[in-house]
Amino acid sequence: MIRMQPRKFLASGALTLLASVPLRAEGQPSTVDARVETLLSRMTEEERLGLLTTSMPAFSPQARGLGAPISAGFNPGVPRLGVPPLRESDASLGVANTREMRKGDTATALPSGLATAASFDPDLAYAGGAMIGAEARAKTFNVLLAGGVNLTRDPWGGRDFEYLGEDPLLAGTLAGAAIAGVQSNHIVSTVKHFALNPQETGRMVTDARIGLAALHESDLLAFELAIEGGRPGAVMCAYNRVNGDYACESETLLAGVLKRDWGYRGWVMSDWGAVHSAEKAALAGLDQESGVEIDQLLNHAIFFKAPLQTALAAGRIPQTRIDDMVRRILTGMEQSGLLDDPVPTSPQSINFERNAEVSQRVAEAGAVLLKNDRGVLPLAKGVRRIAIIGGHADVGVLSGGGSSQVRSVGGAPIERPVPSGDASSFASETWHASSPLRAIRALVPSAQVTFVDGTDPAAAASAARAADDVLVFATAWRTEGEDAGSLSLGNGQDTMIAAVAAANVRTVVVLETGGPVLMPWLPHVAAVLEAWYPGQRGGEAIARIVFGDVNPAGRLPITFPAVEEQAPRSQPGGIDQLRARDAAQAAKQQPRPVQPFAIDYAEGADVGYRWYALKGAKPLFPFGYGLSYTTFREAGLTVSDRRHPVATVTVANTGPRDGADVVQVYVRAPDWPSRQTWRLAGFKRVMVTRGTRRQVAIPLERRTFSRWDVGTRSWQQPSGPIVAAVGRSASDFVLEARSPASSHHGGGQ
Ligand code: BGC
């Protein structure tokens, strides 16, 4: 067994794409350090302490007086030394404007994170990040609270839509690329929520329990890759506890893993309302308390003001720790270019048309064709009569709720408040104004296109009967703050789809969902397209895929279970408490707040598809699955025996159209008999023209088949060969190869 220090690993192959990004490397001596030290030495103690909190401008007249826009957070900086104010906005899917807190301020909405993940394309993730970062900058924000990379552990997670799926390599690689894109605008991006925050229900009171090795091999690996690839200026610690300690008070996670083991030099900011102490948090590694008004409201103190100062005066927190906090904030700002290239002081104009094209490209690349019997898709442009049913497809496409909510260009044709529950104070069910109906009419102007809203199954069936082709739009809304109670579509949509499918054999279902849903009608419909929440130009993207202008190539970044019981936990944690609360509310009684509870992540590092493999469970659709309008054949897999293994494979497009294949390489190390599940170790999306073939070389990320050793805090690589397989999905392998036995005996690791 060969031990390696974590920092000696090379970034995965996909991350080498980012080599051209002008980011200053960590650990460079230097001018960064010298500049930061000079600034620090010139600051008064009051100025230093002043940097350790941010407030929410909506609740802070002082921040507004200093010109802060209404947004998530603000800190005045130290203008006399050229340290600009921190102007913070959410989030990963665009410049958020939740509940239109800034009236009339619209931005370009990216599709949900799951759509980006489904593209398996780091370049596209970078382009999306660069686009939303440019809009943030033009709107005078210099910190984008982006980079959500929590792994999906439960298929009903309220924020799964914002994140990048269940696989650490895929999620970490794409998050790193997106963060690098944001920061290419010389603003800071966060990576969040550190760590093990896959659950929304009771997120402030849950204790997420897991073994440390398993955590490193799963959720922490996603963060590690995202930090290496994106070099975010800040890390946002999570609400929940991890193994007993609040994430923002976890010495193991903050001072230990992040700062000591990974050598992270930026700052740790809290999530909003996630701080519970001054001393413990400060000594554990928290550097900045965010949105202090929320802590005051929920946790009854602003910890990094008076309590921190009292602890400092009493010697319970050393001055060196305070200086370290400031140094880290300045380093994060410096490294992302914020000091040299300050954001404009007033909003600049934005080319929304061009930015919408970026969003559309992501939507087109991330849509996943799940079923296509008898080649019903793509529809012929000469079609005479099409019925479009449901999903409010006449006005727009659905988006996910919560702090990431973008008020998109064109406004919100539908915006429904949430009547009760934890999400009701900040989320509303919102459609972006990109109508699939309009887009389809524009694409096939001579067809007769009818629309019915789908609320009446009989009316929907009769519209379907009168049409040649049928597109049913089905939606499932998810939101930050609460996990979904079930994986069913809800609102009678299953019944309606069954009625439509019985009326017309050419029924195509388009899903706009924030994660997996159950599909009881699947055997009876001809085709299913998972469009996720498809963003600013979702309607246009769907139309172009349905009519074949775009050949779908998305692959599932998340397993779709056949039944809810297949998931590691058979129901959302805390759901019983929620049901009791809802019943109390319905009975007009005072509801009891959700009480603390623990979630045992017993699946450990075997998240998602690996859990299904362990249990021998057959999901509805596996991770990595997705169809195309063409066909591919992979051949000639070899794995090099170099110290950094590379898989080489040839992909031939054997079908009728040009298209992109996503080559997925899964690896298993026979050395580890106790851990025989395959893991994605490399991937590449490649465009292949019909009738041609391409050879692709895919570097394999060694940490995906290594083990984390808790005692030495290092990765242990197998000493024997590894077995690699090319999979059409995580459960359909078409080629297998073994690395030469000498594979990893390079020494000197
Ligand atoms: C969310 C964060 C967000 C913050 C600021 C929190 O509730 O968990 O993701 O960045 O609010 O809006």
Restricting attention to the alpha-carbon atoms of the stretch 615-749, what are Rg (one decimal) and Dmax (integer), both in Å? 16.1, 55
Sorted from largest down, what three extents in whole angstroms do the Cα atoms of the chain have along their principal axes? 78, 66, 49
Which of Lys192, Lys305, Lys618 has the fewest Cβ neighbours within 10 Å, and the rest in rising order: Lys618, Lys305, Lys192
Of Phe223, Phe352, Phe621, Phe303, how do they rank once you tally other Cβ atoms within 10 Å and put the fewest first? Phe352, Phe621, Phe303, Phe223
Alpha-carbon spread of the stretch 574-650, three principal axes, descending order, Å: 67, 37, 22
Any chance you could list P(r) for the stretch 104-157, counting all Cα-Cα pairs in 5 angstrom bins from zero, rounded to whole %? 4, 15, 25, 24, 16, 11, 5, 1
With a ≥ b ≥ c the root eigenvalues of the C-alpha gyration tensor of the stretch 516-585, is it rounded (a/c under 1.5), prolate (a/b larger than b/c) or oblate? prolate
If you take every DSSP beta bridge whose two residues both sit in the chain, what share of them, in percent to the nearest 5, is antiparallel? 60
Just need log10 I(q)/I(0) for the stretch 381-512 at q = 0.12 Å⁻¹, Debye formula, equal scatterers on the alpha-carbon atoms, no solvent, rounded to two decimals. -0.50
I need the shape label for the stretch 369-446. Rule: rounded when a/c is under 1.5, else prolate if a/b > b/c, else oblate, with a, b, c from the alpha carbon gyration tensor. prolate
Taking 2.2 N^0.38 Å as the expected size of a compact globular protein, what ratio does the Cα radius of gyration of the stretch 424-486 give against it, to two decimals? 1.49
The stretch 177-300 shape via C-alpha gyration tensor axes, a/c threshold 1.5: oblate
Tail weight of P(r) past 17 Å, computed on alpha-carbon pairs of the stretch 144-244, percent: 47
Would you mind ranking Trp521, Trp262 by Cβ crowding within 10 Å, fewest neighbours first? Trp262, Trp521
Give the whole-number value, in cubic angstrom per residue, of the convex hull volume spanned by the C-alpha atoms of the stretch 248-309. 67
Pairs beyond 27 Å (Cα-Cα), from Lys371/Lys618; Lys139/Lys684; Lys259/Lys305: Lys139/Lys684
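Read-outs throughout are calculated quantities, based only on the coordinates presented, and are distinct from any laboratory measurement. In this text the structure is predicted, and so the values were computed from the model without any measurement. Neighbour counts run over all protein chains shown; Cβ positions are idealised from the backbone, glycine included.
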